[in-house]
Amino acid sequence: MKFSSKDKKIRKREKKLSTLTRGGAKRGETNPACALLLQRVSAKINFDMQQLILFNVGLVLACMPQLHAADLSRLNVVIIVTDDHGFGDIGWNNPEVKSPHLDALARDGVRLDRYYANPICSVTRAALMTGIASAKTGVGNSTGLDLKYRILPQAFHDAGYQTWMCGKWHLGGPADSQRSGVEYYPHSRGFEQFYGHLGGAIDYFTHIRKDTGELDWQRNGRNVEEVGFSTDLLVEDAVRHIRERDSQRPFLLYLAFNAVHGPLQPPPSAPELSKRDRRAVLLANLAHMDAAVGRLMSCLDDEGLHNDTLVLFCGDNGGQLNQGANNGPLRGEKGATFEGGIRVPAAIRLPGVLPKGVTTQQFLCAMDVFPTLCAAAGIPTGVDEPLDGVDLWEALSQNEEQERPSFLMGNKDVACFAPPWKLIVPGRGETPLLFNIVDDPKEQRDEAAAHPEIVAALTKEIPEMKRGGGGGKNRRDPGSKGRQKQGEGKQRKNQREVLP
Ligand SMILES: [Ca+2]
């Protein structure tokens, strides 16, 4: 294969970076170079000298403003995930959409303009929780997530965090999942408290699954029958956790709204709407969810946590057009590996540490969340094997774009990213498509024929990127019964082109 000189340069830098990140210390570990230095010299020097070095290292760290070492012990982390939230369904990308609180979050921090999810719900959540490519974990809507993976809340819990989840799990547990049983529930996997639903879609008012007709609303494994709109109930629980927290311990809150996933219903703030007006109902649900985010942000302010809390907001996949969603100028929709299916709204805020009011073109993806947030909090991921996700905390906090190893999104249909290039390889044996998504974000010019060498190089990389389970603990997994059922978000056979 032959690359252009520019591509060669990029690949060389990527290779160097890959070597550094994969062959070195585990991601998420803080200051590995300092730790290694101390280890090497400890055999040769006496205890007093070690103390002196520790003092000096501490002095150096204290003088590095971006590391905010003094805050690490009390940094709270909030992850807000929205469901089926299209790129064009956020205020900063579309004035038709009213999302003042999410807009404010982005204004106070960094808008992540190049944040990528997977094409469907559970596949993204698996990547978010594990830091591993979903083509490796093999997670789909009905599979659940293998217990061998150490996941994000376990890392925070082991580091002394209070860990709460409010919302949609979709990573196993229900009877009809390939991996069913309480051991797959969130409160068995690092969350001290779980409130919400296990499956992919519920009625917002009754909390009943449309596909089974069963109640899917629980607290720590016990079904609860409650009156209330799910968006409101979830944020109320999140606010309660914060108000009743143990102030001596930091917290991790994972607030995973089922909004604006179907079946969409007029929210309490717009009961006059007809379900048939899907666009209006979706916008009303977005506004309702945004108001819920506002209540959460107010709670953080009221509790004096504004400056001590990192808040990450991200969608889980592109919008579904027949539900009234809008993916802006991007091609495709939920279920597709075109940009409209995987490039989603996202922003991150940590006052005084992250820059304010900037938009980054840094390429990030759901796999990066685990290592990046661990780095922000100064805790180890605790994962034995290298992650596919990259710690991009320094890039974000320094407001610099970092070249990163190529990455793979999707599960069966995959998209291999080596910016500016993106190779889409449909899982059904169709011809791969190549786009320069920096110059052609709408994916209107397939450049596969013009650049066969890039197609060949990326195609060659994919099997290695899929190989291995990654991050495993070698635990026996009782799941994987091999069932396959039709589920929400099934990969679409015909990906429709969507233009603005
Ligand atoms: Ca989704």
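The values are calculated or read from the model by the stated rules, or taken from the named source; none is laboratory data. Remember, predicted model here, so these are calculated numbers, not experimental data. A quick note on method: Cβ atoms are made from the backbone with ideal geometry, for glycine too, and the neighbour counts reach across all protein chains shown.
Figures for the structure shown
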read-out: Near pairs, Cβ below 6 angstrom, 6+ apart or cross-chain, from the range 194-221 (of a type in the set (S, T, Y)) to any residue that is modelled with pLDDT of 95 or more and within 16 Å of the ligand (Cβ to nearest atom); value: Y204/S230
read-out: Residue that is within 16 Å of the ligand (Cβ to nearest atom) and at positive phi, where the choices are D84, D89; value: D84
read-out: Lone qualifier among V110, V81, V123, V77 - being under 12 Å from the mean Cα position of the chain (by Cα) and closer than 22 Å to L300 by Cα; value: V81
read-out: Filter result for the condition that a residue is away from the ligand (no atom under 16 Å from the Cβ), part of a helix (DSSP H, G or I), of a type in the set (A, V, I, L, M) and crowded, with 23+ Cβ neighbours inside 10 Å, over A291, A284; value: A284
read-out: Those residues of the range 449-485 which are among the basic types (K, R) and either loosely packed, with under 15 Cβ neighbours inside 10 Å or modelled with pLDDT under 50 (or both), in sequence order; value: K460, R467, K473, R475, R476, K481, R483, K485
read-out: F407 being surrounded by fewer than 24 Cβ atoms within 10 Å (Cβ to Cβ), within 23 Å of R467 (Cα to Cα), modelled with pLDDT of 95 or more and under 18 Å from the mean Cα position of the chain (by Cα); value: yes
read-out: Among the candidates Y184, Y149, Y116, residue that is farther than 23 Å from A415 by Cβ, modelled with pLDDT of 95 or more and crowded, with 24+ Cβ neighbours inside 10 Å; value: Y184
read-out: Leading residue by the ranking (modelled with the lowest pLDDT) among those in the range 119-143 that are more than 26 Å from L330 (Cα to Cα) and in contact with a Phe, Trp or Tyr (Cβ under 8 Å, 6 or more places away or on another chain); value: T137
read-out: Qualifying residue in the range 194-211 (condition: away from the ligand (no atom under 16 Å from the Cβ) and among the small types (G, A, S)); value: no
